[in-house]
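Only one structure is covered here, and it is reproduced in the block below.
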Amino acid sequence: MRGETTFIGREGISEFAIAAVDIAVWDLLGKHTGLPLCELLGGIREPVTMYETDGGWLQYDADTLVENAREIASDGFAGMKMKVGSSVDRDVDRVRAVRDALPADLHLMLDGNCSYTVPEARQLANRLDDVEITWFEEPLLKGNYASYADLRRRVNVPIATGENFYNETQFQQVIDRNAVDYLQPDVCRVGGITPWMTVADQAATSGLSVSPHYIEPLHAHLACAVDNVPYIEHHSTVLDELLAKPVEVDDGRILPPDRPGHGMSFEDVEQYRAA
């Protein structure tokens, strides 16, 4: 499939399509063997720790963020991710307010969504040098590997990227340049479970952590199958509206379904079919 789609490029819609097939084949294999996906991949089914993204959106002011941070802490999540990228001054104020509101043992992640120039990213990181931040996610444009490497050398905060990478080669680019601390593959963007596991192996070989983007029910299985995932991302999605039995969150963690394969069954999907 990848060979046949090389002409249009191994990014975007072609990789989404390949991912759908790859995930379906792994699901079928799990049903054939009677094993949940996490066990099929060699792991042990156990609760997976999550951090929360809902509550940290860019449009929220400091007061709203603080209120959300306290709620996230009470819900048992390992940490909170908040969006930055409006202006450095505003972001500094918002980040400091959230960090002060979060308990010291909860992680705070910043997500720039590719919105900064290199000087702006360095300025923000340096002005927050005294603040405990777990990672600075996607501060720069996607694919700007050399600039990511330069930024990582010049700032103290760990760098995360990968949700917008569509194949293993792109991940290897940032690994080879020592440009990243956390890799964030999205199983539906990177081409499915098979390449996702390859990225996790690439990270492990280089001593890096993986914290996948989105799609919690699938990523919970994958997190159980590897040793270098400290937590996965949680935020409410349209996926829950389509699942016959959504995966429940318990004290900031989720347990992969114990049904064979990925364990998800869908309903009410007709509204999404093309006319």
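The values are calculated or read from the model by the stated rules, or taken from the named source; none is laboratory data. Note that this is a predicted model, so its numbers are computed, not measured. Using ideal geometry, Cβ is built from the backbone for each residue, glycine included, and neighbour counts are taken over all protein chains shown.
All of GLY30, GLY43, GLY3 fail the test of being assigned to a loop (DSSP other than H, G, I, E, B) and touching a residue at least 40 places away in the same chain (Cβ under 8 Å), apart from GLY43. The residue that is farthest from ALA62 (Cα to Cα), counting only those in the stretch 103-128 that are surrounded by fewer than 21 Cβ atoms within 10 Å (Cβ to Cβ) and in contact with a Leu (Cβ under 7 Å, 6 or more places away or on another chain), is VAL118.
Restricting the stretch 47-65 to residues that are among the small types (Gly, Ala, Ser) and under 24 Å from VAL210 (Cβ atoms), the residue that is surrounded by the most Cβ atoms within 10 Å (Cβ to Cβ) is GLY56. Across the stretch 236-258, what is the number of residues that are at pLDDT 85 or above, assigned to a loop (DSSP other than H, G, I, E, B) and out of contact with any Pro (no Cβ under 7 Å at 6 or more places or on another chain)? The total comes to 6.
Do you know which residues across the stretch 147-168 are over 18 Å from the mean Cα position of the chain (by Cα) and farther than 28 Å from VAL131 by Cα? Matches in the stretch 147-168: none. Scanning the stretch 126-176 for residues that are closer than 23 Å to TYR214 by Cα and charged (D, E, K, R) yields a total of 5.
Against the test of being more than 20 Å from the chain's Cα centre (by Cα), surrounded by 15 or more Cβ atoms within 10 Å (Cβ to Cβ) and touching a residue at least 12 places away in the same chain (Cβ under 8 Å), the options LEU255, LEU242, LEU208 yield a single qualifying residue, LEU242.
Among residues of the stretch 141-160 that are aromatic (Phe, Trp, Tyr), those with a beta-carbon under 8 Å from a residue that is in a helix (DSSP H, G or I) and surrounded by fewer than 18 Cβ atoms within 10 Å (Cβ to Cβ) at least six positions away or on a different chain give the pairs TYR145/GLN173.
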